[in-house]
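Just below is one structure, and these are the notes that go with it.
The values are calculated or read from the model by the stated rules, or taken from the named source; none is laboratory data. Keep in mind that this is a model prediction, so the values were computed, not measured. As a convention, Cβ positions derive from the backbone with ideal geometry for all residues, glycine included, and neighbour counts pool all protein chains shown. Only protein heavy atoms, including side chains, enter the accessible area calculation; ligands, DNA and RNA are left aside. Shrake-Rupley method; radii C 1.70, N 1.55, O 1.52, S 1.80 Å.
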Amino acid sequence: MDLETTTTSAAGTSTAVAGSDSAPANPFVAGWTGSADEYCSGQWDIRYRGRPLRLDPLHGGGDMGTFGIFSRGFPDDGDLAEGLPEDDWIVENVIWLSHLFVRNAVPIDEAHMRWFYQAVNVSDWRCGDCSGACVQIDNREGSVPDPHVAQKAPYAVAVEAGKTYTWCACGQSKTQPFCDGSHQGSAFTPLQFTAEKSEQVWLCGCKHSGHKPMCDGSHKKLA
């Protein structure tokens, strides 16, 4: 009979299925390149059997939303836990994950989706990981300045499956929330993403989201 074993790390809790013998090794290895006070400047490096996966900007440049306690000060406080447990996360992300697996020749089955979750959960993060420094790092001398706040609310946009969009990162575009080239000559670079399906999405208008280009509610924290 299969047994579930639960592993808890600073990044979260993951579940592996084991039989009478040792469970198969996870074919995914995941790491976030940001570290110390610079979590927000990183990106995902995820490999399947040694091959790097090609993630779209939407999912490659932010936290994965897996379950964990993301607090340096109170790493054991369950009341601070956030994110989705393994089963719920897979249900929520099955569509884009399936597209990712197809693009990268990964078998589309429950086992591989669970392995993927467990791999990213170990290195997942939130802005709170750096005690707020991730929203301050851009203010350091010689670094990228704060983007202009186009509006303190998200933009509701109907996107089409397979179509690529270029989100304005500088906040100066006259065709919000999309880029019109206003960033040229600045330290900002627009972000391209391809819609996984036709739906309405909420694109960040304040340009401070930790889930760029999608809104994560950061506009509510701006003065």
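For segment 181-201, the criterion of being of a type in the set (A, V, I, L, M, F, W, C), out of contact with any Asp or Glu (no Cβ under 9 Å at 6 or more places or on another chain), at pLDDT 90 or above and within 23 Å of Trp44 (Cβ to Cβ) is satisfied by at least one residue. Looking across segment 96-110 at every residue that is in contact (Cβ under 8 Å) with a residue 40 or more places away in the chain and open to solvent by less than 80 Å² (accessible area, probe 1.4 Å), the one that is farthest from Leu53 (Cα to Cα) is identified as Trp96. Within the span defined as segment 60-81, every residue fails to be touching a strand residue (DSSP E or B) at 6+ places or on another chain (Cβ under 7 Å), acidic (Asp, Glu) and not in a loop (DSSP other than H, G, I, E, B). Say we look at segment 149-167 and pick out the residues that are within 16 Å of Glu199 (Cα to Cα) and among the hydroxyl-bearing types (Ser, Thr, Tyr); which of these is surrounded by the fewest Cβ atoms within 10 Å (Cβ to Cβ)? The extreme case among them is Thr164.
What about Trp115, is it touching a Lys or Arg at 6+ places or on another chain (Cβ under 9 Å), touching a residue at least 12 places away in the same chain (Cβ under 8 Å), open to solvent by less than 60 Å² (accessible area, probe 1.4 Å) and not in a loop (DSSP other than H, G, I, E, B)?
In short, no.
Restricting segment 168-182 to residues that are over 22 Å from the mean Cα position of the chain (by Cα) and open to solvent by 40 Å² or more (accessible area, probe 1.4 Å), the residue that is nearest to Pro213 (Cα to Cα) is Gln176. In segment 197-220, the count of residues that are of a type in the set (Val, Ile, Thr), open to solvent by less than 70 Å² (accessible area, probe 1.4 Å) and within 23 Å of Asp124 (Cβ to Cβ) is one or more. Scanning segment 111-127 for residues that are of a type outside the set (Gly, Ala, Ser) and either out of contact with any strand residue (DSSP E or B) (no Cβ under 6 Å at 6 or more places or on another chain) or more than 16 Å from Arg54 (Cβ to Cβ) (or both) gives His112, Met113, Arg114, Trp115, Tyr117, Gln118, Asn121, Val122, Asp124, Trp125, Arg126, Cys127.
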